[in-house]
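Step one of this worksheet: look at the structure below.
The values are calculated or read from the model by the stated rules, or taken from the named source; none is laboratory data. Bear in mind the structure is a predicted one, so any value in this text is a computation, not a measurement. Counting neighbours? That spans all protein chains shown, and the Cβs are built from the backbone with ideal geometry, glycine included.
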Amino acid sequence: MCAMIEKTLSIIKPDAVAKGVIGQIVATFEGNGLKIAAMKMVYLSKREAEGFYAVHRERPFFGSLTDFMSSGPAVVMVLCGENAIARNRELMGATNPAEADDGTLRKRFASNIEQNAVHGSDAPETARTEIAYFFPELEIVNG
Ligand code: CMP
């Protein structure tokens, strides 16, 4: 199923989990050609959130973003499919929900530019690093 196909990391962030929309988000992925190759719920520590978002550590919103990401449970997933990275980003919509197209996950579920419901890897190299941050090879189903 997912062995030779593009993979990406998706996170359903704490705001979306608190809103009770995990199912609607997963259904959107499954209804749009993405398969779930791994999935688990995590409650990140501040340090784990800082590690995940290390590339943003110089940004003014880094402290607030990592507080938010460690404020409640999140769901992390490996999605696979043809062009999974781009397809997931299309389904998510723009980072700022005010700029996101109608029907996108962020338009439907995000509260603001920070509490924006979902995360998705932006390129193949980031996808590899981000997947490895949460999932050992053995937890990813390729069959
Ligand atoms: P994400 O796609 O997970 O990548 C980085 C995250 O930083 C982004 O979603 C938002 O949650 C957050 N973010 C990006 N820009 C801003 C901003 N201007 N203010 C606050 N948070 C931001």
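Annotations
- Scan region 42-70 for residues that are within 12 Å of the ligand (Cβ to nearest atom) and either out of contact with any Pro (no Cβ under 9 Å at 6 or more places or on another chain) or assigned to a loop (DSSP other than H, G, I, E, B) (or both) and the total you get is 16.
- Condition met for A27 (without any contact (Cβ under 8 Å) to a residue 12 or more places away in the chain, assigned to a helix (DSSP H, G or I) and away from the ligand (no atom under 14 Å from the Cβ)): yes
- Some residue of region 72-86 being within 17 Å of D15 (Cα to Cα) and in a loop (DSSP other than H, G, I, E, B): yes
- Pairs linking a residue in region 44-62 that is hydrophobic (A, V, I, L, M, F, W, C) to a residue that is away from the ligand (no atom under 12 Å from the Cβ) and not in a loop (DSSP other than H, G, I, E, B), with Cβ atoms under 7 Å and 6 or more positions apart or on different chains, are F52/Y133.
- Selection count where residues are out of contact with any strand residue (DSSP E or B) (no Cβ under 6 Å at 6 or more places or on another chain) and within 16 Å of the ligand (Cβ to nearest atom), scope region 1-16: 3
Residues checked against (1) more than 10 Å from the ligand (Cβ to nearest atom); (2) in a loop (DSSP other than H, G, I, E, B):
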| site | (1), (2) |
| --- | --- |
| R89 | no, no |
| T95 | no, yes |
| G103 | yes, yes |
| R106 | no, no |
| I113 | no, yes |
| N116 | no, yes |
| D122 | no, yes |
| A127 | yes, no |
| I131 | yes, no |
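- Restricting V118, V55 to residues that are among the β-branched types (V, I, T) and either modelled with pLDDT under 95 or surrounded by fewer than 20 Cβ atoms within 10 Å (Cβ to Cβ) (or both) narrows the list to V55.
- Every test in (1) in contact with a Ser or Thr (Cβ under 9 Å, 6 or more places away or on another chain); (2) at pLDDT below 95 is passed by N142 save one, and that test is (1).
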